[in-house]
Amino acid sequence: MTTMTNRQTILIAGATGNIGGGAALALAKRGAHIVLLGRRREKLEARADAIRVALSEAQADGQDADIATLVVDFTAMESVRRAAAEAIDRFPKIHGLVLSAGILIQNGPNLLPNGHEAMFAANVMGPFLFTLLLLERLEQSDGLVLHVVNPSYKDIDWEDLESIRSHKTETAYERAKMMHRVIAAELARRYAGRISSVAFNPTFIIDKSDPELEKRWPTGFLGLLWKILTLLIAKPPAVAGEPIADLMLSYPDRSELNGALFKLGKRVEKPD
């Protein structure tokens, strides 16, 4: 693929995580202006510094890397609104949005003061609201919204959308991530010709070199399962980051992507 002139501005939600971090580094290597989104400023700055070091070690121009940070808490809709307003104020053009934020909260349902379930708010409501608030700015640049989806399917319970009445941690998480498939498809249908929307299956990505990896594991059987999967099938962040960067930067006509599902760099032709 031919990479376009790349001072494109790409916002990356979940930039301190495995997939978002891999995408951020791959996009920075290609010269994009990346904006790292996350809840904690110190972690965002640490990730920005790590990207600069990685670029320098790869003999890319790490010192001139165009990296910005933006604090947002997707569980708090007021934080989402403030962050969207700040993004519109700071970035005259927004060419792309990578929605890779995803948290798993055990021992739920965990209800927020506004009555919503915390994991559903963080994984679905916040990113969806943020996207809608940036829609006009994305339209101005033929924007592409990339939704990171879960490799597995889980039927959505439309009578208990947030998994409040019946809550099992893994089921609630998978349902929330399944919503990204639904939202990706609906944005593609509703805003065709204005923006493009795709779903991206990253497979199982874990940064085994992360010194805080042990802190990220769930507890109990679920944590044991994740550890086993990490040993057996986990792939490093670059495996997802590189195809995300290709999708973001290599298509002059993004409309040809609209409504597609990708498994890493391969377009899935079977109807989803």
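At-a-glance table
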{"quantity": "Qualifying aspartates and glutamates (Cα of each under 14 Å from Cα of LYS263; at least 8 residues distant if same chain)", "calculated": "GLU242, ASP246, ASP272"}
{"quantity": "Accessible area of ASP73 in the full protein assembly, 1.4 Å probe (Å², nearest 10)", "calculated": "50"}
{"quantity": "Residue-level accessible surface for MET178, protein heavy atoms, 1.4 Å, Å²", "calculated": "30"}
{"quantity": "Cα gyration tensor shape for the range 104-168, rounded if a/c is under 1.5, else prolate or oblate", "calculated": "prolate"}
{"quantity": "Å² per residue, accessible surface of the chain at 1.4 Å", "calculated": "48"}
{"quantity": "DSSP beta bridge pairing in the chain, given as percent antiparallel to the nearest 5", "calculated": "10"}
{"quantity": "Shape box of the range 45-143 [Cα atoms, principal axes, largest first, Å]", "calculated": "48, 34, 19"}
{"quantity": "Within-11-Å neighbourhood charge of ALA121 [Cβ basis; K, R +1; D, E -1]", "calculated": "-3"}
{"quantity": "The chain: relative contact order as a whole-number percent, Cα under 8 Å and 6+ apart", "calculated": "21"}
{"quantity": "Cα-centre dipole for the chain with unit charges at Cβ (Lys and Arg positive, Asp and Glu negative), debye to 20", "calculated": "200"}
{"quantity": "Solvent-accessible surface (1.4 angstrom probe) belonging to LYS266, in square angstrom, nearest 10", "calculated": "150"}
{"quantity": "Enclosed volume per residue, in Å³, of the convex hull spanned by Cα atoms of the range 122-272", "calculated": "138"}
{"quantity": "PHE262 long-range amide H proximity, modeled H, under 5 Å", "calculated": "ALA199, PHE200, ASN201, VAL268"}
{"quantity": "Among ALA184, VAL124, LEU99 the positive-end extreme of the charge dipole of the range 60-215 (Cβ point charges)", "calculated": "ALA184"}
{"quantity": "Charge sum, other residues only, whose C-beta stays under 14 Å from PRO202's C-beta, Lys/Arg counted +1 and Asp/Glu -1", "calculated": "+2"}
{"quantity": "Rg(Cα) / (2.2 N^0.38 Å) computed for the chain, rounded to two decimals", "calculated": "0.95"}
{"quantity": "Environment charge at ALA245 (Cβ cut-off 10 Å; Lys +1, Arg +1, Asp -1, Glu -1)", "calculated": "0"}
{"quantity": "Other-chain or far-sequence residues with amide H under 5 Å of ARG30's (modelled H)", "calculated": "none"}
{"quantity": "Ranking by accessible area, most exposed first, for LEU132, LEU224, LEU146 with a 1.4 Å probe", "calculated": "LEU224, LEU132, LEU146"}
{"quantity": "Per-selection Kirkwood Rh - the range 141-226 (Cα, Å, 1 d.p.)", "calculated": "15.1"}
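The values are calculated or read from the model by the stated rules, or taken from the named source; none is laboratory data. In this text, all values refer to a predicted model and were calculated from it rather than measured experimentally. Quick reminder, even Gly has a Cβ in these numbers, built from the backbone with ideal geometry, and neighbours come from all protein chains shown. Side chains included, ligands, DNA and RNA excluded: accessible areas come from the protein's heavy atoms. Shrake-Rupley method; radii C 1.70, N 1.55, O 1.52, S 1.80 Å.
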